[in-house]
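The values are calculated or read from the model by the stated rules, or taken from the named source; none is laboratory data. Predicted model, so just to flag it, every value in this text is computed and none were measured. Cβ placement follows ideal geometry from the backbone for every residue including glycine, while neighbour counts extend to all protein chains displayed. Only protein heavy atoms, including side chains, enter the accessible area calculation; ligands, DNA and RNA are left aside. Shrake-Rupley method; radii C 1.70, N 1.55, O 1.52, S 1.80 Å.
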Amino acid sequence: MSLGPHLLLALMEGTVAAFVLALTALGLTLVFGVMRIVNVAHGEFFMLGAVFAWAFAHLVGNPALGFLVAVIASPIVVGGAALVIDRAILRRFNYQPEATIVATIGLLYIIQQLVLIFYGPDARSVEAPINFRVQLPWFGYSGYKLVVAGIAALLLLATWYGIAKTKLGLVMRATQFDSETAQAFGIPVDRVYAAVFALGAMLAAIAGVLIVPIKQAYYLMGLDPLLLSFIVVIIGGLGSLRGAIIAAFVIGISDGVISVFFSPNLSKILATLLVALVLIFRPEGLFGGKAR
Amino acid sequence: MLRVEGLNCFYGNVQVLRDFALELKGGEVLCLLGRNGAGKTTLLKAIMGLVRARSGRLTLDDAELSALPAHAVPRQGIGYCPQGRRLFSELTVEENLQIGLMARDRGAATLERVLILFPVLRERMRQRAGTLSGGEQQMLATARALCLEPKALLLDEPTEGLMPSAITTILNTVRRLKAEGVATILVEQRVEAALTVADRILFIENGRSCESVAPDVLRDDPRLLHHYVGVGVKRERLGVQRS
């Protein structure tokens, strides 16, 4: 394959990865933005999404139907788990930033070990719901990956619409800017927190469901998306939705291209270097506002 | 209507309000005067449930406010205009008002009535609240509180840092609401401004509610002011802004 098609393939791979990364990072930045919580266990919601997707697909049997069930039921189960975690752990720590970091580190290991006990150490694959290849002049491309990008794009749009245009989104933004004043205007802040935490977890879980036919469901698979999400969220600006999405595309696509032409390690090195540069020269992130 | 009895509030181990008591009828404007740190802002926050009372009773008509979670208090009909305005400065004017309306499920009719009081805001609906001038911001903060159609209104230093014309607008609004039967607690540093709208002045010292007097009494005898508000206030300086 000559350079042109090679680059095109790298760009396509990078774009699909970027869409999935954008979903995951959006969940992380949303939780941080509204609740001021750094959720170290965010990648585990991604992993849980994938593992439950395997479970549902396995239960149903038929790949297309199984995937459909998984893409709906898996985020709901994970969102429910997030609600329980909010109630049982985060609220008890009164959402203090330091305490919740330590708590979510613990949570990361608890979730991993639970999955290891009940699901096992194997990486299991799920069959893609559709099985067509898009034939380009130079190479064929997995149709499912295009579906992943499409679903992710729809979800990103839906999340943006929900936050910018609906009453629920307005309530969330008000809580984000000033939770005390929000309470003084009848906004039940603890219920908003619970909803945002569940929503963040569900976004990661959907990303996990989408990725599982491409990669595999494995109990340690949450670490990579966690690291990448943090890179994206720091570059984009903690709490900035627009920043997270733009940074996800910068990191995702450059990761795809550099991985194909050089090595995946180099792309991680460059991404981490970029984080360091951002932290030195623009600590609030490229699109972050000043600290409130 | 609004009644505070034996209220004790703490920040950690520090007691900020001690057996605080006050009573307010509909259409009455009560001005709270006291030194910085006397507990004025804390009292308003305690009424809103933002600072929890360790003991005491807070009631509005028949509703027991002290039993409610903070977000349920405004729904009983209390509009709060916090110190420093605390607008949602990155949201638009319209969104700020929308949040006020949502608190008690009020709609377009209420918004219309509020905008008649503050016509300037009508031209600024799509503008970010943080970009308004100081006077406009205060109008927005007041308008947002009025979007609840409150029975009681709590205003914490609403004239702080405003030009005289904006102060007049705010004070006129207080008079107008008084005529409509809204009970108002006004925390104010500008004593003279306060005297022109208040029915009663309540002094607060070290978290205790002290003497309550009519504005006339204070005009004739500034010694009370001297005692409760500070040595810097002399009769001829009434109305000059202190910082």
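Every residue, every condition in (1) modelled with pLDDT under 95; (2) loosely packed, with under 13 Cβ neighbours inside 10 Å; (3) basic (K, R), yes or no:
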| site | (1), (2), (3) |
| --- | --- |
| A:V102 | no, yes, no |
| A:I111 | no, no, no |
| A:A128 | yes, no, no |
| A:Q135 | yes, yes, no |
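For A:L26, the conditions (1) assigned to a helix (DSSP H, G or I); (2) open to solvent by 10 Å² or more (accessible area, probe 1.4 Å); (3) in contact with a Ser or Thr (Cβ under 8 Å, 6 or more places away or on another chain) all hold with the exception of (2). From the list B:F10, B:F20, the lone residue that is assigned to a strand (DSSP E or B) and surrounded by 20 or more Cβ atoms within 10 Å (Cβ to Cβ) is B:F20. Restricting attention to the range B:55-92 and to residues that are of a type in the set (S, T, Y) and in a strand (DSSP E or B), the residue that is nearest to the other protein chains (Cβ to nearest Cβ) turns out to be B:Y80.
Conditions tested, residue by residue: (1) part of a loop (DSSP other than H, G, I, E, B); (2) in contact (Cβ under 8 Å) with a residue 40 or more places away in the chain.
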| position | (1), (2) |
| --- | --- |
| A:A88 | no, no |
| A:F93 | yes, no |
| A:V102 | no, no |
| A:L114 | no, no |
| A:P129 | yes, yes |
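Residue-level check: of (1) within 14 Å of chain A (Cβ to nearest Cβ); (2) of a type in the set (A, V, I, L, M, F, W, C); (3) within 14 Å of the chain's Cα centre (by Cα), B:I170 misses just (1). Cβ separations smaller than 7 Å between residues 6+ apart or across chains give no pair from the range A:161-175 residues that are within 11 Å of chain B (Cβ to nearest Cβ) to residues that are of a type in the set (K, R) and open to solvent by less than 20 Å² (accessible area, probe 1.4 Å). A:P213 meets the conditions (1) within 14 Å of chain B (Cβ to nearest Cβ); (2) within 19 Å of A:P121 (Cα to Cα); (3) not hydrophobic (A, V, I, L, M, F, W, C) in every case but one. The failed one is (1).
When A:G162 is tested against (1) on the phi > 0 side of the Ramachandran plot; (2) touching a Leu at 6+ places or on another chain (Cβ under 7 Å); (3) surrounded by fewer than 20 Cβ atoms within 10 Å (Cβ to Cβ), only condition (1) is not met. For the range B:172-207, the set of residues classified as assigned to a loop (DSSP other than H, G, I, E, B) and either in contact with a Cys (Cβ under 9 Å, 6 or more places away or on another chain) or free of Cβ contacts under 8 Å to residues at least 12 places away in the same chain (or both) consists of B:E188, B:A198, B:D199, B:G207, listed by residue number. In the range A:179-196 there is no residue matching the filter, namely being more than 14 Å from chain B (Cβ to nearest Cβ) and closer than 30 Å to A:A128 by Cβ.
Okay, residues lined up against (1) within 14 Å of A:M12 (Cα to Cα); (2) open to solvent by less than 60 Å² (accessible area, probe 1.4 Å); (3) in contact (Cβ under 8 Å) with a residue 60 or more places away in the chain:
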residue	(1), (2), (3)
A:G243	no, yes, yes
A:A248	no, yes, yes
A:S254	yes, yes, yes
A:S259	yes, yes, yes
A:I269	no, no, no
A:V275	no, yes, no
A:P283	no, no, no
A:L286	no, no, no
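Only a single item in (1) surrounded by 15 or more Cβ atoms within 10 Å (Cβ to Cβ); (2) not in a helix (DSSP H, G or I) is not met by A:G120, and it is number (1).
State all residues of the range B:93-135 that are open to solvent by less than 30 Å² (accessible area, probe 1.4 Å), within 10 Å of chain A (Cβ to nearest Cβ) and of a type outside the set (G, A, S); if no residue qualifies, say none. Hits for the range B:93-135 are B:N96, B:I99, B:L101.
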